[in-house]
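What follows draws every value from the coordinates through simple rules; no lab data is involved. Model, not experiment: these values are computed from the prediction. Note: ideal-geometry Cβ built from the backbone for every residue, glycine included; neighbour counts use all protein chains shown.
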Amino acid sequence: MMDRIAQASPRARARITGSVYLLFFLTAVVGALFTPATANDIVAHEASFRLGFALSLISTVCYVALTALFYQLFKSVSRTLALTAAFFSLVGCAIGAFGSLFQLAPFVVTGGSQYSTAFDVKQLQALAQMLLDLGAQTGDIALVFFGLFDILIGYLIWRSTFLPRILGVPMAIAGLLWLTFLSPPLANHFLAYIEVPGFLAELALMLWLLVKGVNSQRWNEQAGALSSQVLTR
Amino acid sequence: MERIAAASPRQLARIAGGLYLIVILGGFFSIGYVPATVVVSGDPAATAHNIQANELLYRLGIVVHTITLCCNVPLAVIFYDLFKLVNRRLALLVVFFTLVGTAVEGANLSNQFAPLSLLGGGYSSALTPGQVQGLAYMPVDLQEVSYSINTVFFSFYGLAIAYLVYRSTFLPRAIGVLLAIGALCYLTYSFATLLAPDFAHHLVPYIQVPSLVGEGSFSLWLLIAGVNAQRWNDQAGAATTQLERAR
């Protein structure tokens, strides 16, 4: 199967990228539905929360794969920018996955007798909430890196000849909006206005890649132009 | 550095084998031996006592763990160089999954410093000894979760490298199969720990054996036999012709 990917046309590869993107969307969205706000919610709905957590982790794995696929897709536009975008995304994935540890920490704190003998219930709940908040704030930091990733992807789409330019604009805007997480209180105040455009921009790109793929001929032209540039150097 | 740049595929493979062996043995020490010596399961007081009584060993565990993580980075680069002829896209995934897994694992090491800081003194006026010991024990429980999180990334690294080894022609296919089985075991154990921790405890240590067999045989093969340089060069030649034809 993998060799078929290697030899596949740019259009087929773009569709594979779209499929991984779809898998990311499904796991991320379903995973987020299970994300509780308070430590008490978590403990009350342990099984569904753990399932949501596992799905979110799979969505991060998909995003790492997607990052590699996007690099392959856009390196013909600008290898430097495509690589920069990939590295921003990888750092975001690492920070996000690190922060996710704190989402499971409330089970650790409230679950074992080793803690309940030394702390009273209120103290344990406060501790669990603090860990949960730390996790959320780590996630906010990751979003800044994903914002920079989105801005660069938006620009690469705009400069590409093989995808409609119009798809690049909402991506770049979504990226700029994610940057508001530099100030989490500000971002949380306008959360819906940030999340909805971000969701729609990525959804449009995902659907386009999945359904239409890319213009193979133009992709090959752009890749050819780049390699002849390299050769004449 | 010049010598590394000009290194033959066989030399690169040997360096990778050596680094991989350091990662495996270092992992044994820092993730296996040190916790087994220091931690008394479910007993924060005894664990706190052991950490203080064996502080040097405990710190050495963190140091060795950090060294193994440092080895992961050049290992990923060498694997990219060795396997890009087989499939450039998958070789890139090997690097990306290694980098993310290593960053997550490294960041989680910060938790292991918490007991040293807590048990060091300064907190005894505000917290009871039981509370200090309880907080100091928390990283032990957290490590089980954090280990599962970064192992998910390393499982996908494992699946990608297994496929590359299997298709390589310059390494034995059997090692590819063993690596794939090991990666699937890692994945099973990780998700079992995240979804049903009590069930996951029943899987240890059997679930860890295939991973050890896979990675152990891979690292030793790389270290002792390297790669089949002739076949590697054949593949390199084939890849270049393909590239030229594509132009």
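Under the combined filter of DSSP loop state and at most 11 neighbouring Cβ atoms within 10 Å, the stretch B:1-103 retains none of its chymotrypsin sites (Phe, Trp or Tyr not before Pro).
Partners of A:LYS75 within straight-line reach, counting lysines whose Cα lies under 18 Å from its Cα and excluding those fewer than 8 residues away in the same chain: B:LYS84. Using a Gaussian network model of chain A in which every pair of alpha carbons under 10 angstrom is joined by a spring, one finds that among A:GLY92, A:GLY52, A:GLY111 the greatest mean-square fluctuation is at A:GLY111.
Panel order for B:ILE62, B:ILE161, by other beta carbons found within 10 Å of each beta carbon, from fewest to most: B:ILE62, B:ILE161. Distance between the 7 Å Cα→Cβ label points at B:PHE28 and A:HIS45: 4.6 nm. Per-residue Karplus couplings for the stretch B:40-49, computed as 6.51 cos²θ - 1.76 cosθ + 1.60 with θ equal to phi - 60°, are listed in order as 10, 4, x, 10, x, 5, 5, 5, 4, 4 Hz, Gly and Pro entered as x. Positive end of the dipole of the protein assembly as shown (Cβ unit charges, origin at the Cα centre): among B:ALA36, B:HIS201, B:GLY176, the Cα lying farthest that way belongs to B:GLY176.
The HN-Hα couplings worked out from phi for the stretch A:105-110 by the Karplus form 6.51 cos²θ - 1.76 cosθ + 1.60 (θ = phi - 60°) are 4, x, 5, 4, 5, 8 Hz, whole numbers, x standing for Gly and Pro.
Taking a ≥ b ≥ c as the square roots of the Cα gyration tensor eigenvalues, with a/c under 1.5 meaning rounded and otherwise prolate when a/b beats b/c, else oblate, which class fits chain A? Display every interim value, and only then the final one.
On the way: a/c = 2.65, a/b = 2.24, b/c = 1.18.
Prolate is the answer for chain A, as a/c is 1.5 or above and a/b outweighs b/c.
Using C-alpha positions alone, give me the convex hull volume of the protein assembly as shown per residue in cubic angstrom. All intermediate terms of the calculation are to be shown ahead of the outcome.
Values: hull volume 74.9 nm³, N = 480.
Value for the protein assembly as shown: 156 Å³ per residue.
Rounded, prolate or oblate: which fits the stretch B:2-246, taking a ≥ b ≥ c as square roots of the Cα gyration tensor eigenvalues, rounded meaning a/c under 1.5, else prolate when a/b beats b/c? Here the stretch B:2-246 falls in the prolate category.
Sorting A:CYS62, B:CYS71, A:CYS93 by the number of Cβ atoms found within 10 Å of their own Cβ, with the fewest placed first, yields B:CYS71, A:CYS62, A:CYS93.
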